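These notes are about the structure you will find just below.
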Amino acid sequence: MTDTEQQEDELLALTSIYDETVLSVSDDTEEPGGQFLVSSHIPENFSIKSLSKDNKTEEHVVKHLPPIALNFQLPKDYPSVNPPQFTLSCKWLNRKQLSKLCQRLDEIWEENKPCVVVFLWTSFLQDESYEFLGLSDTLDLTTPQSIERKQSMEKYDPRAIQDIASQNRLLATLIDYDKQAKQIEFDRSLFECKVCFCDRTGSQCINFYECGHVYCKECMKEYFTVQIGEGNVNGLYCPEEKCESQAHQSQVKELVPPELYTKYDKLLLQTGLDTMLDIAYCPRPSCQQPVIMDKEMSMASCASCCFVFCTLCKLSYHGLSPCRIKADGLRKLKDEWLNGDEDTRKLLEKKYGKAAIQQAVEESFSNEWLNSFAKKCPNCGAQIQKIDGCNKMTCMKCRAHFCWICNAFLAKANPYSHFSEMGSKCFNRLFEGVDMGDDDDDWDQWI
């Protein structure tokens, strides 16, 4: 059999063993060859050790590392006389390690010539290279020796190429590759959706990043649509009972229509701004744009509509005139007035005026009634008055579920389990204190 025939047979055998994601063969009939991508079998819990910006050691656990690339060409007198010409390149192996692999490939040729050896090379790189190099379960990037950016005094095989330009980019490159490889692995796997109980491929599913629970995209699209439509942008939780992990914004954007995602993004931004202490909203109903407050002043100016307002009472800026007190400040003002000494009372009269203080004293008693006959939402603190219905309450402000009896949070997936599970202190108390002769509708009122 001639060299050409042996080369054709070898390439045909290789293409029948490996798919095109691993082996690509050149169409050049003069100098046939190709590229073989070797994915090493790394140990479980393989980690990459690196230094943070403040020089602290960090470890990143990965399941996949970029492959070793074997590029080869078959000379006309292969395998009768000469071996294949090749190069080895890799991002995470240094040139010293790659040179050892090149030397071993040469030895395999010497041991088997004049027979074809490309398959023997690929088998060695795939199955034995990790142990051959004596690699551990940790890749250490904390020292400059982890990557060779300058030519060392030691001579390395010119066929050994470390395919990375900078050590600063190596960690990000490895983590990004691991993320992409995990996604490819997920897309090819089969999962059972725990909502519709249908088997779907990973490409038809999403997984919640924090908990890893997997559901089909069709079910999650309906779930997200309902939640966002109700304004509950902070309620996109994993449907698994007692699981509190939330969907990522990119997952929501992938599933819902653009106009619904715009609403979701706007509500999410508003929720985030609400938690910032130096942000106030323009009081004008037609504007409502966020405004940055100056802590040293009680005046703020809306950049959108140019409305200048007082940050204390949210009315038009009134200069040195006293604020008109809102209901949430009445009790505090009443307590300060009733418990204050003569000097304190004079200061309050100067700040708010006698009429405002009299109003605070009168109206604060109404708020005390609420404190006696209403309860606060354990999540946002809003006052909830129970008119009728069962003891499973829903806050109309933040949509949190809680128990009227013990004020405990209830699971969003099944809030009634708190009253039906043995061992719960509110077991079988769902309708405790309810006049069963009244209408049984279960509704809550937020004041």
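Results, tabulated for the structure shown:
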| item | result |
| --- | --- |
| Candidate set from the range 122-161 (those that are assigned to a loop (DSSP other than H, G, I, E, B) and among the acidic types (Asp, Glu)); member that is modelled with the lowest pLDDT | Glu148 |
| Where Asn414 falls short, out of the listed (1) at pLDDT 65 or above; (2) loosely packed, with under 12 Cβ neighbours inside 10 Å | (2) |
| Count of the range 52-66 residues which are farther than 20 Å from Phe124 by Cβ and at pLDDT 85 or above | 9 |
| Subset of the range 1-50 that is in a strand (DSSP E or B) and polar (S, T, N, Q) - its residue that is nearest to Thr122 (Cα to Cα) | Gln35 |
| Flag if Asp178 is under 25 Å from Leu51 (Cβ atoms), buried (at least 16 other Cβ atoms within 10 Å of the Cβ) and charged (D, E, K, R) | yes |
| Hey, Phe419 aromatic (Phe, Trp, Tyr), modelled with pLDDT of 80 or more and either assigned to a loop (DSSP other than H, G, I, E, B) or closer than 29 Å to Leu267 by Cβ (or both) or not | no |
| Residues within the range 381-403 that are touching a residue at least 60 places away in the same chain (Cβ under 8 Å) and either within 27 Å of the chain's Cα centre (by Cα) or crowded, with 20+ Cβ neighbours inside 10 Å (or both), tallied | 3 |
| Every pair of residues 6+ apart whose Cβ atoms lie under 7 Å, when the first sits in the range 285-307 and is within 16 Å of His318 (Cβ to Cβ) while the second is of a type in the set (Gly, Ala, Ser) and at pLDDT below 85 | Ala300/Ala280 |
| Residue count for the range 250-276, restricted to those that are among the β-branched types (Val, Ile, Thr), assigned to a helix (DSSP H, G or I) and more than 13 Å from the chain's Cα centre (by Cα) | 2 |
| The range 59-114: number of residues that are over 46 Å from the mean Cα position of the chain (by Cα), assigned to a loop (DSSP other than H, G, I, E, B) and of a type in the set (Phe, Trp, Tyr) | 1 |
| Single residue of the range 41-94 satisfying the filter (among the small types (Gly, Ala, Ser) and loosely packed, with under 15 Cβ neighbours inside 10 Å) that is farthest from Gln167 (Cα to Cα) | Ser80 |
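The values are calculated or read from the model by the stated rules, or taken from the named source; none is laboratory data. No experiment lies behind these values; they were computed from the predicted model shown. Positions of Cβ are generated from backbone atoms using ideal geometry, with glycine treated the same way; all protein chains shown enter the neighbour counts.
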